[in-house]
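The values are calculated or read from the model by the stated rules, or taken from the named source; none is laboratory data. Every value quoted in this text rests on a predicted model; they were computed, and no experiment measured them. Neighbour counts run over all protein chains shown; Cβ positions are idealised from the backbone, glycine included.
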């Protein structure tokens, strides 16, 4: 089954409960939370996302994406009964193995995200420690960017080599590219503005997933 993970990076934070409730009423599988530290990327969203508030509002599981340096210092803040995934970046400063083990030691699924200009093969040394790979289809740091087309090939290569891993694609994902991503092996689609700004989230999800 193909999963959808709704990014709330561009949601209305002044009406967060209402925004989360729209997702609660949808068929989305996960809420994607983009955490940025102002170091790994220029933006800083750490203070935007309160796990307590999100937990109070949400009945969906969380897909936490740490765009941070030294992720081992951040992981503890996002350990929560609703957190299903915590993903860190291959390119981040810090101990990748230590960070992935810390996530798994807390009974949370571990993810490793890779930027568009990093070699897919650089992931392979860590693959036994991850439940999910996030293939970035834009450069991390802000929402609303244009989808990078060589993502299709990167997903295909990854799926060819690792049949049993969850492959997520994040950035500029919508109905115009979702079908090809799925056919190339993606199993989770992260989508922000395409879903959150649509008039009907469920119809938009259906358009993304239809064959």
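Please tell me if residue 118 is over 18 Å from residue 189 (Cβ atoms) and not in a helix (DSSP H, G or I).
Yes, satisfied.
Conditions (1) touching a residue at least 60 places away in the same chain (Cβ under 8 Å); (2) part of a loop (DSSP other than H, G, I, E, B); (3) at negative phi, marked per residue:
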position	(1), (2), (3)
147	no, yes, yes
152	no, no, yes
158	no, no, yes
172	no, yes, no
176	no, yes, yes
179	no, no, yes
194	no, no, yes
202	yes, no, yes
207	no, no, yes
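Say whether the condition of being more than 21 Å from residue 195 (Cβ to Cβ), over 16 Å from the mean Cα position of the chain (by Cα) and in a strand (DSSP E or B) is met by at least one residue in region 57-74.
no
When you go through (1) outside any helix (DSSP H, G or I); (2) surrounded by fewer than 19 Cβ atoms within 10 Å (Cβ to Cβ); (3) touching a strand residue (DSSP E or B) at 6+ places or on another chain (Cβ under 8 Å) one by one for residue 104, which number turns out not to apply?
The one condition residue 104 does not meet is (1).
Just to check your reading of the model, which residue among 53, 59, 24, 15 is over 22 Å from residue 139 (Cα atoms) and without any contact (Cβ under 8 Å) to a residue 24 or more places away in the chain?
15
Restricting the search to region 90-100, which residues are surrounded by 14 or more Cβ atoms within 10 Å (Cβ to Cβ) and assigned to a helix (DSSP H, G or I)?
96, 99, 100, listed by residue number.
Tally up the residues in region 155-172 that are modelled with pLDDT under 95 and surrounded by 16 or more Cβ atoms within 10 Å (Cβ to Cβ), please.
Within region 155-172, residues that are modelled with pLDDT under 95 and surrounded by 16 or more Cβ atoms within 10 Å (Cβ to Cβ) number 2.
Taking residue 122, is it out of contact with any helix residue (DSSP H, G or I) (no Cβ under 8 Å at 6 or more places or on another chain), surrounded by fewer than 16 Cβ atoms within 10 Å (Cβ to Cβ) and more than 27 Å from residue 25 (Cα to Cα)?
yes
Please enumerate the residues belonging to region 27-53 that are under 30 Å from residue 210 (Cβ atoms) and not in a loop (DSSP other than H, G, I, E, B).
Within region 27-53, 30, 31, 32, 33, 34 qualify.
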